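First comes the structure, then the notes that go with it.
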Amino acid sequence: MKLLRLILQGFKSFADRTEISFAGGITMIVGPNGCGKSNISDAVRWVLGEQNVRNLRGQKTEDIIFAGSATRRAKNGAEVTMVLDNAGRELPLDTAEVSVTRRVLRSGESDFYINGRSCRLKDIQDLFAATGLGKGSLAIIGQNRVDQVLSARPEERRLIFEEVAGISRYRLRKEDGLAKLRRTEDNMDRVKDLVAVLEEQLGPMAEAAEKARRFSALLREKQAAEATASLLKLSSVRRMLARYETEHRTLSDEKGAWEAKLARLDADRAAIEAEAAEREEAYRKAAAEAMARQREMDRIDGDYRVKDAARAHGEEELARLTSLAASHEAAGKEAEAALAAAEKEHEAAHAALAEAKAALGAAEKERETAQRALAAEAAEHRQLLETIREKTAQKERLTAQLGRAEEE
């Protein structure tokens, strides 16, 4: 296994994306103090899972993020990617290269990736536990660590040797297993306490359960009774609705028949009104003609009176003119003929006036008969409409009752 590349961006003094390639052999990084040489080893230590910021020569997490300069703005996060050669499959991944990435933001969010896939910090630690690159190994030694290793106690040296030999991975697993066992024992104790509490509550809960079962049974019986009552009520309402629908259809048929009859009556009324109008017109004409004949009779009466006066005057003149009878005999005969003609005209005018009065009386009687027939038909039509409205309202009430019964 070999380190191939190290990619830094926003980590400490590496503001821009910087890629460092490691060729075969030994790679040395040379530079003056303060140029950032140690930042490279800190980046390797950090990407391998170092959690103590003090081991990275910082006080808090924000110290490993580029803080900016006089000409550069501060970065919002830091990211380091380490690419390793896995051609010999030293790492338990079936890829020729393995990349490990760690990213942190100023907000405190932290992400870990193996070959571009999100993972946990523990996954990275387990990945390198058997390679000597795990937490606490001497693969990366700081400036002051050499004296610490040489002056370490036997127990501390043992831990160092276990880490180098890859035993620490199993020790960590053992510690995790023991911690899980302790947590399981704690959970068992809590479960026992809960069982004891529940056993104390078992008696009252059994009584409550029995009451609940009785209540459930009674509730089902109540629901069944309510459902039966609702069905009976619904059946009754449906029968009533069917009866009223039949009555409604019958009334609808009757309504159609009455409407047809009403239409015929309306037509008859229109015809009667037209005939009445014609008769009214005839009556007016007859009245006008009677008035004309009355005027003519008055004229004839005037002429008759004039001629009667003339006849009386003629009779008077006849006595006076007796002596002249021979000479005036022809004039007397002519006056008598005129008088007879005037009497005939007077009788004819009286006969025409009587006929006009008779026709006018007949027209008045026919108009009164037509008006009474129209009034009777209108009353019958109003009564029919009132009956239809009552039946329709009754049907609507039954329909509403049926809807409420079905909802119940």
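The values are calculated or read from the model by the stated rules, or taken from the named source; none is laboratory data. All values derive from a computational prediction rather than experimental measurement. Note: ideal-geometry Cβ built from the backbone for every residue, glycine included; neighbour counts use all protein chains shown. Note: accessible area is taken over every heavy atom of the protein model, side chains too, but ligands, DNA and RNA are not part of it. Shrake-Rupley method; radii C 1.70, N 1.55, O 1.52, S 1.80 Å.
Spot the failing condition for L241; the list is (1) open to solvent by 100 Å² or more (accessible area, probe 1.4 Å); (2) under 30 Å from A400 (Cβ atoms), and only one is missed.
Unmet condition: (1).
Any residue at all in the range 106-119 that's modelled with pLDDT under 95 and closer than 17 Å to F14 by Cα?
yes
I'd like to verify a number: residues in the range 13-37 that are of a type in the set (A, V, I, L, M) and exposed (fewer than 10 other Cβ atoms within 10 Å of the Cβ), how many? Don't jump to the end; show me each part of the working.
So the first thing to find is which residues in the range 13-37 are of a type in the set (A, V, I, L, M), and the list is 15, 20, 23, 26, 28-30.
If we keep only those that are exposed (fewer than 10 other Cβ atoms within 10 Å of the Cβ) too, we end up with 23, 26, 28, 30.
Adding up the residues that qualify gives 4.
Given T61, T81, which one is of a type outside the set (D, E), within 56 Å of the chain's Cα centre (by Cα), closer than 20 Å to Q125 by Cα and modelled with pLDDT under 90? Break it down stepwise before answering.
Working: T81 fails: modelled with pLDDT under 90.
Every option except T61 fails the conditions.
I'd like the full set of residues that are surrounded by 11 or more Cβ atoms within 10 Å (Cβ to Cβ) and either of a type outside the set (A, V, I, L, M, F, W, C) or over 23 Å from Q383 (Cα atoms) (or both), limited to the range 250-263.
T250, S252, E254, K255, E259, K261
Of A96, A74, A87, which residue is closer than 19 Å to N39 by Cα, without any contact (Cβ under 8 Å) to a residue 60 or more places away in the chain and out of contact with any helix residue (DSSP H, G or I) (no Cβ under 7 Å at 6 or more places or on another chain)?
Going through A96, A74, A87 in turn, just one is closer than 19 Å to N39 by Cα, without any contact (Cβ under 8 Å) to a residue 60 or more places away in the chain and out of contact with any helix residue (DSSP H, G or I) (no Cβ under 7 Å at 6 or more places or on another chain): A74.
Restricting attention to the range 264-292, which residues are touching a residue at least 60 places away in the same chain (Cβ under 8 Å), within 23 Å of E347 (Cβ to Cβ) and open to solvent by 80 Å² or more (accessible area, probe 1.4 Å)?
E289
Name, by its number, the condition in (1) at pLDDT 75 or above; (2) over 23 Å from R54 (Cα atoms); (3) over 60 Å from the mean Cα position of the chain (by Cα) that does not hold for L178.
That leaves (3) as the condition not met.
Show the residue pairs that are 6+ apart or on different chains and have beta-carbon atoms under 6 Å apart, the first residue being within the range 238-263 and charged (D, E, K, R), the second being surrounded by 11 or more Cβ atoms within 10 Å (Cβ to Cβ).
K255/I388
Of all the residues that make up the range 55-72, how many are in contact with a strand residue (DSSP E or B) (Cβ under 7 Å, 6 or more places away or on another chain) and either open to solvent by 30 Å² or more (accessible area, probe 1.4 Å) or not hydrophobic (A, V, I, L, M, F, W, C) (or both)?
So the count comes out to 1.
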